[in-house]
1. Tell me whether the stretch 27-37 contains one or more residues that are open to solvent by less than 60 Å² (accessible area, probe 1.4 Å), within 16 Å of the chain's Cα centre (by Cα) and either under 30 Å from LEU181 (Cβ atoms) or hydroxyl-bearing (Ser, Thr, Tyr) (or both).
2. As an exercise: evaluate TYR18 against (1) among the hydroxyl-bearing types (Ser, Thr, Tyr); (2) surrounded by fewer than 16 Cβ atoms within 10 Å (Cβ to Cβ); (3) touching a Leu at 6+ places or on another chain (Cβ under 8 Å) and give the number of the one condition it does not meet.
3. Test of understanding: among ALA266, ALA288, ALA252, ALA257, which residue is free of Cβ contacts under 8 Å to residues at least 12 places away in the same chain and over 30 Å from VAL159 (Cβ atoms)?
4. Sort out which residues of the stretch 48-77 are modelled with pLDDT of 75 or more and exposed (fewer than 15 other Cβ atoms within 10 Å of the Cβ), and write them in order of number.
5. Give the stretch 255-283 a look and list any residue that's β-branched (Val, Ile, Thr) and in a helix (DSSP H, G or I), or say none.
6. Give ARG68, ARG93 a once-over and let me know the one that is among the basic types (Lys, Arg) and farther than 28 Å from LEU158 by Cα.
7. Can you give me the number of residues within the stretch 115-133 that are open to solvent by 20 Å² or more (accessible area, probe 1.4 Å), assigned to a helix (DSSP H, G or I) and of a type outside the set (D, E, K, R)?
Amino acid sequence: MSLPPLIRAIERHQVVLYLLAIAGGVVLGWSLPDVAEPLEYAITPVLGLLLFATFLGIPFSAIGQAVRDTRFMATILILNFVIVPAVVFALSRFVADSPALLVGVLLVLLTPCIDYVIVFAGLAGGSSERLLAAAPLLMLAQMLLLPLYLLLFVGPELVSGIEPGPFLEALIGLIIVPLTLAALIQWWSRKQAAGKAFTAVVQAMMVPLMMATLAVVIASQIHAVGQEVSALLAVVPLYVAFLVVMVPVGMACARVARLDAGSTRAVIFSGATRNSLVVLPLALALPAPLALVPLVVVTQTMIELLGMVIYVKAIPRLVTSEPILRN
């Protein structure tokens, strides 16, 4: 099998591969607890590579195109940064008495996905190209608004107890630096064939990098929080409820905006999928009293991937090929 067909096959089966990586991480970390400490040192480099590859796939040059697509863009922004926060606030009240669970739920559910949402939406017949163009604005908006929402929903007392040093270090080292490098590489790839080839190789590694990240993070964390399984189970219904609620909410937003079927499917996926692996470095930088937060974030990833299997089959049946409303 040549390389391009192999890459396409990997992308087509990526959900199964992610679930296998998660299962492998659980088995490894639970059966060999001594691997937890060395694997913790591997989290930063593997996550940094994944985020660099993720950001490299964001078309920064398409920001103008996204802005001009006013109706779709307005729908995506209002859904993710006005309606979703209201839904998340309501769901988070069920764990409001546990700071670690509360922060974890808010951290992951308030940040819309910018990477594999494009793949899943495309598999369901959604307008993946529109989501791709919208990715830079979604990333910028969540970086600006997440601190504000945390302050509003968690309160200044808990937020003030978070040491800014490790948090800023994670933000700069694992988000801002990879984001800047990705933008520079994109500029290079537009000028030189070598840059384009380098970008293609990195993009081909996306699925293996995400598999490695999931396996390393879970294997390094699973045994240490074994006594907290009951606490983590408390967030599972919230994540399931979020996936269920976002289908009619996304459909309603698209109907109001008079979007066609492909755009409607894209809106639903954007509202439902979250940016768990991008916010993971921030979760890992939190102080000891919030040590459970990374597992709360990763739990959402596991639930979401299972949900995407259902979404890819169900959304095309719920949203037919006919436009919801014609102009």
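1. Applying the first criterion (open to solvent by less than 60 Å² (accessible area, probe 1.4 Å)) to the stretch 27-37 yields 29, 33, 35-36.
Adding the requirement that they be within 16 Å of the chain's Cα centre (by Cα) leaves none.
The answer is no, given that none of the residues of the stretch 27-37 is open to solvent by less than 60 Å² (accessible area, probe 1.4 Å), within 16 Å of the chain's Cα centre (by Cα) and either under 30 Å from LEU181 (Cβ atoms) or hydroxyl-bearing (Ser, Thr, Tyr) (or both).
2. Against the list (1) among the hydroxyl-bearing types (Ser, Thr, Tyr); (2) surrounded by fewer than 16 Cβ atoms within 10 Å (Cβ to Cβ); (3) touching a Leu at 6+ places or on another chain (Cβ under 8 Å), TYR18 comes up short only on (2).
3. Details: ALA266 fails: free of Cβ contacts under 8 Å to residues at least 12 places away in the same chain; ALA288 fails: over 30 Å from VAL159 (Cβ atoms); ALA257 fails: free of Cβ contacts under 8 Å to residues at least 12 places away in the same chain.
It is ALA252.
4. Taking the stretch 48-77 first, the residues modelled with pLDDT of 75 or more are 48-57, 68-77.
Matches in the stretch 48-77: ARG68, THR70, ARG71, ALA74.
5. Here is the first cut: in the stretch 255-283, the residues β-branched (Val, Ile, Thr) are 256, 264, 267-268, 273, 278-279.
Selection gives VAL256, THR264, VAL267, ILE268, VAL278, VAL279.
6. Values: ARG93 fails: farther than 28 Å from LEU158 by Cα.
Criteria check complete, one pass: ARG68.
7. Narrowing the stretch 115-133 to residues open to solvent by 20 Å² or more (accessible area, probe 1.4 Å): 115, 118-119, 122-123, 125, 128-130, 132.
The next check asks that each one be assigned to a helix (DSSP H, G or I); those that pass are 118-119, 122-123, 128-130, 132.
Right, trim to of a type outside the set (D, E, K, R) and you get 118-119, 122-123, 128, 132.
Number of matching residues: 6.
A quick yes/no check of all residues on (1) under 22 Å from THR111 (Cβ atoms); (2) of a type outside the set (A, V, I, L, M); (3) open to solvent by 20 Å² or more (accessible area, probe 1.4 Å); (4) out of contact with any Lys or Arg (no Cβ under 7 Å at 6 or more places or on another chain):
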position	(1), (2), (3), (4)
ALA234	yes, no, yes, yes
ARG265	yes, yes, yes, yes
GLY271	yes, yes, no, yes
LEU277	yes, no, no, yes
ALA283	yes, no, no, yes
LEU306	yes, no, yes, yes
VAL319	no, no, no, no
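The values are calculated or read from the model by the stated rules, or taken from the named source; none is laboratory data. Everything quoted here is computed from the prediction, not taken from an experiment. A quick note on method: Cβ atoms are made from the backbone with ideal geometry, for glycine too, and the neighbour counts reach across all protein chains shown. Heads up: the accessible areas ignore ligands, DNA and RNA and are worked out on the full protein's heavy atoms, side chains in. Shrake-Rupley method; radii C 1.70, N 1.55, O 1.52, S 1.80 Å.
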